1. Gaussian network model of the chain, Cα springs within a sub-10 Å range: biggest mean-square fluctuation belongs to which of 385, 215, 259?
2. With r defined as the distance between the Cβ atoms of residue 301 and residue 253 and R0 fixed at 41 Å, what FRET efficiency is calculated, to the nearest 0.05?
3. In segment 224-285, which trypsin sites (Lys or Arg not before Pro) are in a loop and have at most 15 other Cβ atoms within 10 Å, using DSSP for the loop call?
4. Can you give me the Rg/Rh ratio for the chain, using Cα atoms for both radii and the Kirkwood formula for Rh?
5. Over the chain, what percent of the accessible surface lies on carbon and sulfur atoms, probe 1.4 Å?
6. With both partners inside the chain, how many of the DSSP beta bridges are antiparallel, as a percent to the nearest 5?
7. May I ask for the equivalent-ellipsoid semi-axes of segment 252-359, computed as the square root of five times each C-alpha gyration tensor eigenvalue and listed largest first in whole Å?
8. Just the number: Rg to Rh for segment 341-405, Cα atoms, Kirkwood Rh, two decimals.
Amino acid sequence: MTLEWEIATRFIFSSKNGRGKKASFLAWAAALGVSLGTSALIIALGIVNGFSEIIQSKLIGFGSHINVSHLGNKMVGYSKAFDSLLTVIPNIEAVSPYLQSKAILKAIDKKELNSIDAIILKGIDPKRDVSFLRNKIIAGKFLDEITLEDHNPTVKIPIVIGKKLASTLGVSIGEDLLIIGSKEEEESFYEMNLTIRDVISLMRLRKGTVIGIYETGLSQGFDEVQVFTNLTALQAFLKKDKMISGFDLRTNDFTLLGETERIVSQYTEYPMYSQTVFEQYSNIISWLKLQENIIPLLLIVLTVVASFNIISTLLIFVLERTEEIGILLTIGFDPKRIQRVFTIQAMIIGGIGIVIGNLLSFLLTILEKNLHIIGLPEETYYISELPLSFNPWHYLTVTILAFFVCYVASFIPSRIASRLKPVEALKL
């Protein structure tokens, strides 16, 4: 241990008199300020990172990594050749054709206003489905788990609906719903200049049976709207035999998503086009990026708080220890060594604060992960609990930043202390 280090620790923790106790209290107060700033930044990084990880994983799992569809969202004829071509593209793990149409669900024998809702009815091949939907079933069965003995698709359409929608409509497993759809696509109504009677004649009505209820945690535009059925059942209902809306693709290596999508686009002819999950849900991805914009602000706050704490504390130390500084200068301490004493003080105070901040962040993260103390409105944030991810790199980055801030903040007080005149210091 160097002499400068020993003097610095005595200046901080000395308890010979009242002044020493007061200085020690100020040191702990400054350390607490650093710890709060450190903890706040680590937790904020954990929250932002947690939001991105959870919501992106839900978006990626809900649909597909890459989607191929019509530019005008119109139905197209199923091409087995194009299906096979997509399958052999490098990094493509699975390909699933689907048919999607807007429809209305009406709870039978229920007169409440909320017993009817607009939905998006998606027909999929359950054996080729690329989503994580089968793993999110909380009641009933998935589409590929039913048999003709369980359900006759020529009489009723088997449907899997979200928990939120099931609650809104007031239905449960095994209950029937009235499905109202159309033989023509929505855009066709404007092109065909139809009368109300013509529109009504194009309406399709069929009973559907709730065979499964899923919950992904995604509300708006997902669990509350998306309803799934068999591809063949939806084609028969809409009288669109061998028609599809597009293909859902899943990749083997998600890190190569962009490169894979570019290859898919080369094989996709107009008016079909391809897009990644990030392009498909660009509004939500933009919202996540907006959350990340808080990080620079928090970095500034940490810098300001830590700097003011260290500067003000060391300036008080200089005032309190003026006589001791004069003695050190008298016995031969040069200004650089005096400056080093106060720099060491700043690093000790900062180090204590940083350790406390790291421990506090870790403790709060563990508590939130296990007890879920803080709840969130799922309708707004797509999740019901505060996401806190643990990333060692966050702790290391914030620790290095905080030490750097404390080191820089020590320049002003240590410079003032090193410029004191021995005679003037001893007179005070």
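1. 259
2. The calculated FRET efficiency here is 0.60.
3. Those that pass, being in a loop and sparsely packed, are 239, 242.
4. 1.23
5. Of all accessible area on the chain, carbon and sulfur atoms account for 61 percent.
6. Percent antiparallel among DSSP bridges in the chain is about 80.
7. 60, 15, 11
8. Using Cα coordinates only, the ratio equals 1.16.
The values are calculated or read from the model by the stated rules, or taken from the named source; none is laboratory data. None of these values were measured; they are calculated from a predicted model. So basically every Cβ, Gly included, is an ideal-geometry build from the backbone, and we count neighbours across all protein chains shown. SASA here: full protein model, heavy atoms, side chains in, ligands and nucleic acids out. Shrake-Rupley method; radii C 1.70, N 1.55, O 1.52, S 1.80 Å.
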